[in-house]
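Note sheet for the following structure.
The values are calculated or read from the model by the stated rules, or taken from the named source; none is laboratory data. All figures in this text were calculated on a predicted structure; none of them were measured in a lab. Every residue, glycine among them, receives a Cβ derived from its backbone with ideal geometry; neighbour counts consider all protein chains shown.
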Amino acid sequence: EAQVTQNPRYLITVTGKKLTVTCSQNMNHEYMSWYRQDPGLGLRQIYYSMNVEVTDKGDVPEGYKVSRKEKRNFPLILESPSPNQTSLYFCASSNRPPHEQYFGPGTRLTVT
Amino acid sequence: GQQLNQSPQSMFIQEGEDVSMNCTSSSIFNTWLWYKQDPGEGPVLLIALYKAGELTSNGRLTAQFGITRKDSFLNISASIPSDVGIYFCAGRAPGSSNTGKLIFGQGTTLQVKP
């Protein structure tokens, strides 16, 4: 089954404790992206990747890092999480040029 | 930056009724996408539109890419309880094909009364 998977689905952590949210897709898509979803603000792009070893900032990249060492994986790294990063995070992927994006199930992160 | 205005924000309808929602922009887009998000899940792509004036159906769903390229609408006919969820429009502006950047509307929350 073609899908985008994310882990963990739920995470509660404390300020400053580094964490990684994994994203993997099995559709051989070149393009991958991370979004956060907040009430009243909709979906906002954090980072995206056009291909292996090619990443770039989206609209809200501050406090986040990403890497794209393999085509199928695109982890999101929070080196020092803060409470304002409490949010619902989605990974997405698509073929190039980026057309329809397919979303993962989401990761709900709470930073206390 | 570019923004999409999606309306209505929420709808509460009777099962069997038709539903219509739309998105408008102050600038043109060259792609319109419609997604549905169920509680606790990620958005699922419903319909993709690539040409001005394009009208596309997916079962009971129909969406159109506005002639002016600044709007799109989604219709759901004969609604059923499983249509409940949040519907998002998303647009891609000219020149953003390389970044894949999508601009999302705020969403329309649909509730269906059996």
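A few comments on the model shown:
- Taking every residue in the stretch B:31-60 that is closer than 21 Å to A:Ala92 by Cβ and free of Cβ contacts under 8 Å to residues at least 60 places away in the same chain and pairing it with any residue that is surrounded by fewer than 16 Cβ atoms within 10 Å (Cβ to Cβ) and of a type in the set (A, V, I, L, M), at least 6 positions away or on another chain, the pairs with Cβ-Cβ distances below 7 Å are B:Tyr35/B:Val44; B:Lys36/B:Val44.
- Scanning the stretch B:83-99 for residues that are assigned to a loop (DSSP other than H, G, I, E, B) and either at positive phi or at pLDDT below 90 (or both) returns B:Ala93, B:Pro94, B:Gly95, B:Ser96, B:Ser97, B:Asn98, B:Thr99.
- Scan the stretch B:11-26 for residues that are in contact with a Gly (Cβ under 9 Å, 6 or more places away or on another chain) and exposed (fewer than 15 other Cβ atoms within 10 Å of the Cβ) and the total you get is 0.
- Residue among A:Leu43, A:Leu88, A:Leu76 that alone is buried (at least 21 other Cβ atoms within 10 Å of the Cβ), within 30 Å of B:Gln9 (Cα to Cα) and free of Cβ contacts under 8 Å to residues at least 60 places away in the same chain: A:Leu43
Here's the yes/no breakdown for (1) surrounded by 14 or more Cβ atoms within 10 Å (Cβ to Cβ); (2) within 10 Å of the chain's Cα centre (by Cα); (3) at negative phi:
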residue	(1), (2), (3)
B:Ile47	yes, yes, yes
B:Ala52	yes, no, yes
B:Ser57	no, no, yes
B:Gly66	yes, no, yes
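- A:Ser33 vs. criteria in contact with a Cys (Cβ under 8 Å, 6 or more places away or on another chain), in a strand (DSSP E or B) and within 14 Å of chain B (Cβ to nearest Cβ): yes
- Within the stretch A:68-112, if we keep just the residues that are in a loop (DSSP other than H, G, I, E, B) and more than 19 Å from A:Asn28 (Cβ to Cβ), the residue that is farthest from the chain's Cα centre (by Cα) turns out to be A:Thr112.
- Of all residues in the stretch B:1-21, those being away from every other protein chain (no Cβ under 14 Å), closer than 18 Å to B:Ala78 by Cα and either touching a residue at least 60 places away in the same chain (Cβ under 8 Å) or among the acidic types (Asp, Glu) (or both) number 10.
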